[in-house]
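Please read the structure below before turning to the comments.
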Amino acid sequence: MSAAPVSILTDPIARPSRGKVGMASLILMESCFFATFVVAYLFYIGKSATGPQPKDVLDLGPVIVNSIALFSSSYTAIRSFRSLATGAIRAFQGWLLLTILLGGYFIVGTGMEWYGLITKHGLTITTNLFGTTFYSLVGFHAFHVIVGLVCLTGILLLSLRGHVKKSDAGRVELVGWYWHFVDAVWVVVFTVVYLVGRDGGTLTP
Amino acid sequence: MTTLPATTDRMDERRPWTAIVHEWATTVDHKKLGIMYVVTGIIFLVVAGLEGSAMRAQLTFAENKLISPEVFNQLFTMHGTTMVFLVGMPVLLGMANFLVPLQIGARDMAFPRLNAFGFWLFLLGSILLYFSYLGAPGLDGAAAAPDVGWFAYAPLTERPFSRGNSTDYWILGIMVGGFGSMTTAINLLATTLSMRCPGMTLMRMPLLTWMMLVVAILILTVMPVLTAAQVMLLFDRSLGAHFFDTQNGGDAVFWQHLFWFFGHPEVYILILPGFGFISEVIPVFSRKVIFGYPLMVAATVAIMFISLGVWAHHMFVVGLGPFLNSLFAATTFLVSIPTGIKVFNWLATLWGGHIRFTASMMFALGFLAMFVLGGLTGIMLAVVPFDWQLSDSYFVVGHFHYVLIGGLLNAIFAGLFFWFPKATGRLLSETMGKWSFWLLQIGFTLTFGPMHISGILGMPRRIAYYEADRGWEIWNQVSSIGVIFQILAVGLFAWNVIVSLRSGRRAGNDPWDAWTLEWATTSPPPEHNFDTIPVVGSRRPLWDSKHPDDPDSSYGA
């Protein structure tokens, strides 16, 4: 029975890295969390008892620019992590900085949109069902973008102090997975809030 | 081919108590965390059991005035919430924590520090829930503890109907504990997929590990939905949002959908680990391999998927309409197919086996009988017109206690008697174990059997008071007498644990002549589990090493 020549190194069983499985599990969990708020948003479209309604106050122009910034940041993130994998540390840092700036632009843009909604239109989380579902869904997404930005900034700072090496590419890429996930959530949120929900708010006066 | 490590016994090391406390408080070892989960869970089992006993004391006599209706509401809320979130979850996740790395030949979980974080989050959540007794009063007429039922239906949990802070403690306690469960689920997934020892393919994993893998996926799918719903409720209560506010267009049934989308799969999160214990105990004490291993795996995965589509059978009386009611009745019937497969596989494993009636095996057989009874009343309740008659009656209370006490508690005791020697190095007393078994079965049948009858006679659940002319008194009195037997059973088990820890028989590495990897190391296992990483060639690596002339691996299993 003994003397098996199999060792951990030559074992033929496929085992994904624990980091990948862990991050994929986290993304599964977060998806279900967001799905619940998306369902709530869809369920309550057009059911606000009072105004303002989405189509009165949601301005598509700035949001599209915001979205382009966020979607582009996924591309720059990919470029950044590929550079790290090939050992090009300077390019990695440059693309990473650009990613952080694009993500930061998105957050500032969201902040300005909210500022306008609150001061100009008087829409807060207590105003009506639209305000309730809008600020919860968009707010939780923005919160996740901020968490991603904190992680990316942390990596950039560590890298500027010389702590991020080519051999860390696998681990850094996992943060990239999270960043792409946050982007993908925005695809859904944008579609639901600004495309589907914007014209659906006229059932009640 | 199978290679198992040599072992060194470390049972007799002695250290000062401060060192021991420091070690347990700072540990990231999956075995110590697992034991801490189970011990915390059993402490809360006693707390929730006393809450249940207090309710039985009130209901023993018609028109009894022992406990006020307000306190009674708090009792059934805390009893249900505690049993599900503070007893079921920690005991099962704790046993998963202890057993899964050992069963797959790993040295620890994939993320040991995250594991410790999860335990302390769970403990914080439990303390938050019970802190409500101290922290929630203050507003005139507000409840001192959550009194909204364990499923906390909105809009009755909204600020105008549930004043004070007790509902906020309910939300936060469960939410924080839920984060702990979710980190543990991430850890279990990463451990089973990434940390298996050489030769341990997915289809060679012990069934308990398989079920825990499925449970982890289920936790990650439904627990965030509860968290999201609780966030909405918290926003409503604290920020003035309107998710469940019917005055401003909010929906009165929306919470029920969200809660039961979590709540029904939660039942499978609780029972699947029980299935796992039974699937390990029955083969060992029947001296046979488990019958239909691949079908057991397939049935587990099928239960996971079906459980995500049955939630509205808790809402038949809401008025969803004939189409949705029929749909959810049909999906509910579907559950009985994979569950039936499992029951028949366990029976087929017993069939023709050389059965050893240890305490662990007796609890496993008790599980089989009681779980099937609870399952049958479940199928009755899935019939919509029947449910219309008996929804929210004591029949339902009887049904789910048969599944969760007769089923799950029996399975947990089977598991505790089976693995206690592995965790502590000493065997529990078999004699006391068998006494516990019979006391529990008698007490349990006396308590929960008559509830079906009082339910059919029309007794609603959650009432603190009933008139004498209803004909319910005798059945309630039988129920209450059963509680005495259950207390004796659990008390005897606690005594058994204390006595056996001091002077129980030494277990050795493998007291049951079992086959999975946890029995290949010492009892208790060293911090690193295995001195050398084992290599397995079949589903029963210890059988292979004990019977080199006829190993399973030569049959390709």
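Working out 0.36 nm times the residue gap between B:Y133 and B:F386, then minus their Cα-Cα distance, what length gain in nm do you get to one decimal? Mind dumping the intermediate values first?
Details: separation 253, 0.36 × 253 = 91.08 nm, distance 3.87 nm.
Between B:Y133 and B:F386, full extension yields 87.2 nm more.
Let me have the relative contact order for the range B:48-154, percent, based on Cα pairs under 8 Å that are six or more residues apart.
Details: 72 pairs, mean separation 38.7, N = 107.
Relative contact order of the range B:48-154: 36 percent.
On a 0 to 90° scale, report how tilted helix B:359-382 is relative to the longest principal axis of chain B, with both axes built from alpha carbons and the result rounded to the nearest 10.
Relative to chain B, helix B:359-382 is tipped by roughly 40 degrees.
Quick check on the range B:239-317: what are the equivalent-ellipsoid semi-axes from the Cα gyration tensor, as sqrt(5λ), descending, whole Å? Spell out each step's value before the answer.
Numbers: eigenvalues 331, 26, 16 Å².
Calculated on Cα positions only, the semi-axes equal 41, 11, 9 Å.
Hey, what did chain A get for relative contact order, percent, Cα under 8 Å, at least 6 apart? If you can, show how the numbers build up before the last one.
Values: 198 pairs, mean separation 74.2, N = 205.
It comes to 36 percent, rounded to a whole number.
Any idea what Rg and Dmax come out to for the range B:138-219 if you just take the C-alpha atoms, in Å?
According to the Cα coordinates of the range B:138-219, Rg and Dmax are 20.0, 65 Å.
For the range B:410-557, what Kirkwood radius comes out of the mean inverse Cα-Cα distance, in Å? Intermediate values should be presented prior to the final figure.
Values: mean 1/r = 0.0530 Å⁻¹.
In the range B:410-557 this quantity evaluates to 18.9 Å.
What FRET efficiency comes out for B:R462 versus B:V301 if R0 is 45 angstrom and r is the Cβ-Cβ distance? Round to the nearest 0.05. Working shown, then result.
Details: r = 36 Å, r/R0 = 0.79.
It comes to 0.80.
How many angstrom separate the Cα center of the range B:396-437 from the Cα center of the range B:274-298?
17 Å
When the dipole is taken about the Cα centre of the range B:31-555, and only Lys, Arg (+1) and Asp, Glu (-1) are charged at their Cβ, what size is it in debye, to the nearest 20? Each step should come with its number before you reach the end.
Numbers: 27 positive and 28 negative charges, 256 e Å.
About 1240 debye.
I'd like to know which of B:V343, B:F357, B:I171 lies farthest towards the positive end of the charge dipole of the range B:31-555, counting +1 on Cβ of Lys and Arg and -1 on Cβ of Asp and Glu.
The listed residue farthest towards the positive side: B:F357.
For the range A:78-132 and the range B:441-477, what is the separation of their Cα centres, given in Å?
59 Å
Could you state the orientation-averaged shadow area of the convex hull built on the Cα atoms of chain A, in nm² to one decimal? Mind showing how you got there, number by number?
Details: hull surface 61.7 nm².
If you wrap the Cα atoms of chain A in a convex hull and average its projections, you get 15.4 nm².
Jot down the per residue volume, in cubic angstrom and as a whole number, of the convex hull over the alpha-carbon atoms of the range B:324-438.
124 Å³
Greater than 25 Å separation of Cα atoms is the criterion. Which listed pairs, B:K288/B:K342; B:K342/B:K546; A:K55/A:K120; B:K288/B:K422; B:K288/B:K434, meet it? Provide the component values of the computation, followed by the final result.
On the way: B:K288/B:K342 16 Å; B:K342/B:K546 29 Å; A:K55/A:K120 15 Å; B:K288/B:K422 21 Å; B:K288/B:K434 23 Å.
In this structure, B:K342/B:K546 exceed 25 Å between Cα atoms.
At 7 Å along the Cα-to-beta-carbon direction for both B:D513 and B:I442, put a label point, then send me their distance in nm to one decimal.
A separation of 3.3 nm, rounded to one decimal place.
Name the residues whose placed amide hydrogens come within less than 5 Å of the amide hydrogen of B:S393, ignoring near sequence neighbours (fewer than 5 apart) on the same chain.
HN-HN under 5 Å from B:S393: B:R461.
Give a residue-ordered list of calculated ³J(HN,Hα) values for the range B:436-441 (Karplus: 6.51 cos²θ - 1.76 cosθ + 1.60, θ = phi - 60°; whole Hz; x for Gly, Pro).
Each residue's phi maps through the Karplus curve to give 4, 4, 5, 4, 5, 5 Hz.
Can you divide the C-alpha Rg of the range B:31-555 by 2.2 N^0.38 Å and report the result to two decimal places? Please list the in-between numbers first.
Working: Rg = 23.0 Å, N = 525, 2.2 N^0.38 = 23.8 Å.
Taking the Cα Rg and dividing by 2.2 N^0.38 Å, one obtains 0.97.
For the pair B:I43 and B:K434, how long in nm is the line joining their label points, each one 7 Å along Cα→Cβ?
3.4 nm
Once both labels are modelled 7 Å past Cα along the beta-carbon direction, what's the B:A348-A:V108 spacing in nm?
Roughly 6.7 nm, to one decimal.
Among the lysines, which fall within straight-line cross-link reach of A:K165, defined as a Cα-Cα distance under 17 Å, with same-chain neighbours fewer than 8 residues apart omitted?
Cα-Cα hits under 17 Å: none found.
Cross-link candidates for A:K166: which lysines have Cα within less than 24 Å, leaving aside residues fewer than 8 places away along the same chain?
Counting by Cα, and skipping residues close in sequence, A:K166 has these lysines nearby: A:K20.
Give the relative contact order (percent, whole number) for the range B:219-342; include only Cα pairs under 8 Å separated by 6+ residues.
On the way: 100 pairs, mean separation 29.1, N = 124.
Rounded, it is 23 percent for the range B:219-342.
Grab the DSSP H runs of the protein assembly as shown that are 4 residues or longer, score each as -39,500 (n - 2.57), total them, divide by all residues and round the 222 nm result to the nearest 500 deg cm²/dmol. Present the calculation step by step, with values, prior to reporting the outcome.
Details: 23 runs with 490 residues, N = 762.
After summing the helix terms and dividing by residue count, I get -22500 deg cm²/dmol.
Calculate the dipole size of the protein assembly as shown relative to its Cα centre from +1 charges on Lys and Arg beta carbons and -1 charges on Asp and Glu beta carbons; express the result in debye to the nearest 20. Intermediate results must be reported in sequence, preceding the final value.
Values: 44 positive and 42 negative charges, 323 e Å.
My answer is approximately 1540 debye.
Return the Cα extents of the protein assembly as shown along principal axes one, two and three, sorted largest first, each rounded to a whole Å.
Answer, in whole Å and largest first: 79, 77, 53 Å.
So how far, in whole Å, is the C-alpha centre of the range B:314-356 from the one of the range B:128-201?
Answer, in whole Å: 28.
For chain A, set up a Gaussian network in which alpha carbons nearer than 10 Å are linked by springs, and say which option among A:G87, A:G162, A:G176 fluctuates the most.
Its mean-square fluctuation being the largest, the pick is A:G162.
The numbers here are math on the coordinates, done by the rules we state, and not lab data. What you are looking at is a predicted structure, and each value in this text was computed from that prediction instead of being measured. In this analysis, Cβ positions are derived from the backbone assuming ideal geometry, glycine residues included, and neighbour counts consider all displayed protein chains.
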